[in-house]
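Below: one structure, written as structure tokens.
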Amino acid sequence: MHRMANKRILLGVTGGIAAYKSAELIRRLVEHGADVRVVMTTAAQEFITPLTLQALSGNPVHLELLDTEAEAGMGHIELARWGDALLIAPASADFIARLANGHGNDLLSTLCLAARSAIYVAPAMNQAMWASPANQNNIKQLNDNGIQLIGPESGSQACGDIGLGRMSEPDQIAQQLADTFHTGTLAGSHIVITAGPTREAIDPVRYISNHSSGKMGFALAEAARDAGAQVTLIAGPVNLATPERVKRINVVSANDMLEATTACLDKLEGGVIFIGTAAVADYRPNNQVEQKIKKTENDNGLTLELIENPDIIANVAQRQNKPFTVGFAAETQNVIEYAKGKIDRKNLDMIIANDVSNKEIGFNSDLNAVTIIWPSGSKNLDIASKHSIAQGIIHEISLQH
Ligand code: PMT
């Protein structure tokens, strides 16, 4: 399983004979699905070339703190924020000492100071150096700072000694790192999510719409990405930032949303999941008015003739190569009964019943509470943030699809 699909690993390589193993380590991380960027200290470059690590990672290798060209591309603060984890392997005694004492005199030590993600250190050094009181004090300081160690192992060393200090094998380091993510349940899947409202034009300045903010759909996109899926988010007009590593397609009306959904699904093959979170307007004005409707022309009020919009999710569920199709049911009464009716009527595989009569949850709120219903079971998710509800829904989809 690609436990690190969609995960970004910043790999710091410091100077030591074990640096040659970082080439193998990159391969293992990539096999787990990770996107890897390498940062090398000056000493590391004495043991292995940046070119080798660049070829294996498929990304430029970062070497200098004060490099104007690099800063113009991806500056050191941006690079520190890029990673979902910062792994230093091998970590020499000297680098561990600098890390323990908060130095920031080269690119890698600066990244460690600026990183928001977890830092993992795989030490590699001679057994006497590992056991020395100074090094043990530094290791204690790393533990106190919340930095986690992977290894070292005991065994024969490059210098001929036998003892504790060998860097763990690349396989083991990659596996231990992958285990920290608890994700990858949807690696290899492509998830298409609709989110937000649609707007149906009355004239060039007025429209019909609803209160959907897009928060639920955007939270689902993040949760699906974190579970390792490739995510396409088809968003109606909302005021939300695009989640990182998610492909976003903006649309306005229900017809636009149908067109974008169909075009997207046409390009995808097996393993597709569709989630219809969008509050699609059921009706649109029948007449396409090109000029603003003047109030003076309508002294006796204005009557709009509305026609039905296409049902996007029902269209998706009728496709020959039907994706695993998950709908939402926003209801104000008989919530479960009406939601179950929609599963059958729209040929869905799962529906998320959402009681929108409660102002605390549902439309525009940061909170939600839902019942997930599938043909052979159901599950309640009590009131929680939309992010937490989204994780619960994605978890259930990964079990049922
Ligand atoms: O965006 P937020 O502010 O975070 O609010 C979230 C939400 C309340 C909008 C969301 O949780 C939700 O319940 N979305 C579904 C809203 C809705 O339109 O429900 P519905 O019962 O009318 O539709 C049932 C299903 O059919 C939905 O999956 C909907 O996307 C889909 N549909 C409806 C009409 C239509 N023409 N095409 C569709 O695809």
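Scanning the range 209-229 for residues that are open to solvent by 50 Å² or more (accessible area, probe 1.4 Å) and either more than 12 Å from the ligand (Cβ to nearest atom) or within 21 Å of K322 (Cα to Cα) (or both) yields E222, D226.
Return the residue satisfying two criteria in turn: it lies in the range 319-333 and is of a type outside the set (S, T, Y) and within 12 Å of the ligand (Cβ to nearest atom), and of such residues it is most open to solvent (accessible area, probe 1.4 Å). Explain how you work it out, then say what you get.
Let us first name the residues in the range 319-333 that are of a type outside the set (S, T, Y), namely 319-324, 326-331, 333.
Then keep just the ones that are within 12 Å of the ligand (Cβ to nearest atom); that gives 326-331.
Values: V326: 0, G327: 2, F328: 37, A329: 0, A330: 53, E331: 23 Å².
Going through the qualifying residues, I end up with A330.
The set of residues in the range 230-242 being open to solvent by 10 Å² or more (accessible area, probe 1.4 Å) and either of a type outside the set (A, V, I, L, M, F, W, C) or within 12 Å of the ligand (Cβ to nearest atom) (or both) consists of Q230, P237, V238, N239, L240, T242. Just so you know, in the range 162-184 the residues that are hydroxyl-bearing (S, T, Y) and surrounded by 20 or more Cβ atoms within 10 Å (Cβ to Cβ) include one that is farthest from G270 (Cα to Cα), and it is S168.
Kindly indicate whether any position in the range 189-208 is crowded, with 24+ Cβ neighbours inside 10 Å, under 21 Å from A353 (Cβ atoms) and within 13 Å of the chain's Cα centre (by Cα). Yes: the range 189-208 contains one or more residues that are crowded, with 24+ Cβ neighbours inside 10 Å, under 21 Å from A353 (Cβ atoms) and within 13 Å of the chain's Cα centre (by Cα). Look at E308 and say whether it is within 24 Å of I351 (Cα to Cα), open to solvent by 100 Å² or more (accessible area, probe 1.4 Å) and out of contact with any strand residue (DSSP E or B) (no Cβ under 8 Å at 6 or more places or on another chain). So E308 does not fit the description; no.
Would you point out which residue out of I352, I312 is within 10 Å of the ligand (Cβ to nearest atom), touching a helix residue (DSSP H, G or I) at 6+ places or on another chain (Cβ under 9 Å), closer than 21 Å to R199 by Cβ and in contact (Cβ under 8 Å) with a residue 12 or more places away in the chain? Quick ask: steps written out before the conclusion?
On the way: I352 fails: closer than 21 Å to R199 by Cβ.
I312 is the lone residue from the list that is within 10 Å of the ligand (Cβ to nearest atom), touching a helix residue (DSSP H, G or I) at 6+ places or on another chain (Cβ under 9 Å), closer than 21 Å to R199 by Cβ and in contact (Cβ under 8 Å) with a residue 12 or more places away in the chain.
Determine which member of the set I361, I383, I389 is within 11 Å of the ligand (Cβ to nearest atom), within 25 Å of the chain's Cα centre (by Cα) and free of Cβ contacts under 8 Å to residues at least 24 places away in the same chain.
Numbers: I383 fails: within 11 Å of the ligand (Cβ to nearest atom); I389 fails: free of Cβ contacts under 8 Å to residues at least 24 places away in the same chain.
Result: I361 is the single residue among I361, I383, I389 that is within 11 Å of the ligand (Cβ to nearest atom), within 25 Å of the chain's Cα centre (by Cα) and free of Cβ contacts under 8 Å to residues at least 24 places away in the same chain.
Just one residue in the set D266, D299 is more than 15 Å from the ligand (Cβ to nearest atom), open to solvent by 40 Å² or more (accessible area, probe 1.4 Å), over 23 Å from the mean Cα position of the chain (by Cα) and under 21 Å from A221 (Cβ atoms); that residue is D266.
The values are calculated or read from the model by the stated rules, or taken from the named source; none is laboratory data. All values derive from a computational prediction rather than experimental measurement. Note that each Cβ is placed from the backbone with ideal geometry, even for glycine, and that neighbours are counted across all protein chains shown. These area figures cover heavy atoms from the full protein model, side chains too; ligands, DNA and RNA do not enter into them. Shrake-Rupley method; radii C 1.70, N 1.55, O 1.52, S 1.80 Å.
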